[in-house]
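Here the structure comes first, spelled out in C-alpha cells, and everything after it is commentary.
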Amino acid sequence: MAGDRDEGGRDLTRKAAARTARLAALPMSYAGRRAVGFGKRLGGRPAEAVMSEVQQRTAEQIFRTLGQLKGGAMKMGQMLSVLEAALPEEAAAPYRDELTKLQDAAPPMATRTVKQILARELGADWQERLTWLDGGPSAAASIGQVHKGTWHDGREVAVKVQYPDAGQNLRADLKALARLAKSVGPLFPGMELGPLVAELQERSTDELDYALEAEAQRAFAAEFRDDPDIVVPDVVEVGETVLITEWMDSAHSLARTIAEGTTEERDHYGELFSRFLFSGPGRTGMLHADPHPGNYRVIPAADGGLGQLGVLDYGAVARLPDRSLPRAMGALIRIGGQEDDVALLEGLRREGFVRDKVTVDPHLVLDYLEPFITPTKVERFRFSRAWMREVFQRINDPRNPAFNVALKLNLPPSYLLIHRTWLGGIGVLCQLEAEAPFRAILEEWLPGFAEEPV
C-alpha cells in the first residue's frame, strides 16, 4: 500500500479499492449486528438494550472509519454531524458523541510530510519566510491539517497543508459513497444521503483549490475587518496545496459550546452565527457554505465574557450571481410567514421549485416548508432539537399528507448550495438550542423578505 505514514503508523493515502472496501463494510457490519441482536433478543435480553448496543457499536465504526479515511468520507460525516439534531432521539443518542468528534479533529499527518510539502510549494528557502512551525497540528480536517507558525515579519500564522493524494481520495470516496448511499441510509432515519453525496461531488474540485479559497477568504477578511462581532483572518501566502493565513486566537469551537455552553453563551454565539451566515452574501457576494461547528471559533472578550465569533475555512463558498441571496427567496419566505399558501405556490412555480404540470396542494407545501418559515414568524425564536426532530419526523412520515410534497418539488441548481447551507445552519442553531432575533436578521440581510410584493 503506497503513501506516507503518520507518526502513529497509519497510512494517510490508501488505494481506492481499499478505501472503498472499508466504506462497503459499513452496511454489512450493521446487518450483521442486527442479526446478532435478534439472537440476543430471542435469548431474553430486552429489545431496547440490544438495539442501543447495536446503534452504539455501529456509530463508533461509522464515524471512526469516516474520520480515519478523511477525504470525502469525512466530509460526509461532517455534513451528517450538522444535521444530527433532526435524527430521532433513539438514533441520535448513540451517534451524537461520535458525530461531534468529526466537527473538530482527525488523525494527524506526519511532520516530515508537512515539511516536504512546504518545501515543494514555497521553495527550498521556505524556512526563511516561515521562521517557526509547530511540530504537531493544531487542527485536522477532511482534506488538510493546520499547524501554527511564525511569519518572517513576526505575525503568528496558521499553515494549512493539504494531505497527499487528497483529490484522488476525495473523488474515490464520493464515488463509493454514491453507490452506498441507499444501503447506509437506514442508519440515519429520515435522511436522504444521495443528494448530500451528489452535492459534495459537484463542488469537490472547488474544495481542493486553495487559490480559489484564498480569493474568497481575502474578500471576507476585507469586508469584516472592522466588524465588532465577526473575525475573519486574512491570507498571508498561498500555493497549490498550502494556504497560510493570519493566526486567530480562540478558546474553542462552537462544538464545545453545543456540548457545554450556558444558555447565555448559546444564545449569544447562535445570534452571531446567524448574522454572519445571512450578512455575508450581501457584504461579499458569497455565501459561506460549510456551516459545521468546527469552522466557527469562540473568541472571548478581554474580561473573559461573551465575545466575538471567528470564522474559518472558505473552501466551500457559493459565488452568488447577483452578489446576494435571491430576492425571490426572501419574498417567498415572507409570503409563507403570512400563510398565503396560494401565493406561495405561485411564487415557487415562477422560481422553478414546482414544475408547470405538477399538481400539489398549496396548504401541504406550506406545511412542508415549516422549518424555513416558522422561525421568521416571531420576534425571537428558540431553536431546539425537539422542534427540528418533530418537524423532520412529520414531513418524513409516509402517513402524513405532506410526505409526498417532497416528491413533487424541484430544487433549481442555483438554490442547491443555498438550500443545504440554510438547512445546515438551522441544524447548528438547533444543536445550540439558541434563541435569536431571526426575523430581524432576515429583515436586514435577506433581499425581498422585508418588502411587500410588487
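Computed from the coordinates by the stated procedures, all read-outs in this text should not be read as laboratory data. Since we're looking at a predicted model, the values are computed, not measured. Methodologically, a virtual Cβ is constructed for each residue, glycine included, from the backbone with ideal geometry; neighbour enumeration extends over all protein chains shown.
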Query raised in the report: Put +1 on the Cβ of every Lys and Arg and -1 on every Asp and Glu Cβ in the stretch 306-454; which of 335, 376, 414 then has its Cα farthest towards the positive end of the dipole?
Result: 414
Query raised in the report: Which residues' amide hydrogens lie under 5 Å from the amide hydrogen of residue 157, considering only partners 5 or more residues apart or on another chain, with H built in the peptide plane?
Result: 149, 150, 151, 247
Report task. Sort the stretch 378-451 into rounded, prolate or oblate with this rule: let a ≥ b ≥ c be the square roots of the eigenvalues of the Cα gyration tensor; rounded if a/c is under 1.5, and if a/c is not under 1.5, prolate when a/b is larger than b/c, oblate otherwise. Result -> oblate
Query raised in the report: Quick one: Karplus J couplings for the stretch 421-429, per residue in order, coefficients 6.51, -1.76, 1.60, θ = phi - 60°, nearest Hz, x for Gly and Pro?
Result: 5, 4, 4, x, x, 4, x, 5, 4
Report summary line: In order over the stretch 255-261: 3J(HN,Hα) from phi, Karplus 6.51/-1.76/1.60, θ = phi - 60°, whole Hz, x for each Gly or Pro, gives 4, 6, 4, 4, 7, 10, x
Requested in this report: With N denoting the number of residues in the stretch 185-317, provide Rg(C-alpha) divided by 2.2 N^0.38 Å, to two decimal places.
Outcome: 1.14
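Can you bin the stretch 247-325 into rounded, prolate or oblate? Criterion: square roots of the alpha carbon gyration tensor eigenvalues sorted a ≥ b ≥ c, rounded for a/c under 1.5, prolate for a/b above b/c, oblate for the rest.
Prolate, since a/c reaches 1.5 and a/b exceeds b/c.
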Report task. Tabulate in residue order the Karplus-calculated ³J(HN,Hα) for the stretch 360-370, using 6.51 cos²θ - 1.76 cosθ + 1.60 with θ = phi - 60°, rounded to whole Hz; enter x for Gly and Pro. Result -> 8, 6, x, 5, 5, 4, 4, 5, 5, 8, 3
Report task. Please list 407-419, 206-218 highest first by mean number of surrounding beta-carbon atoms within 10 Å per residue. Result -> 206-218, 407-419
Report summary line: Taking only the alpha-carbon positions of the stretch 307-422 as identical scatterers, the Debye log10 I(q)/I(0) at q = 0.10 Å⁻¹ comes out as -0.35
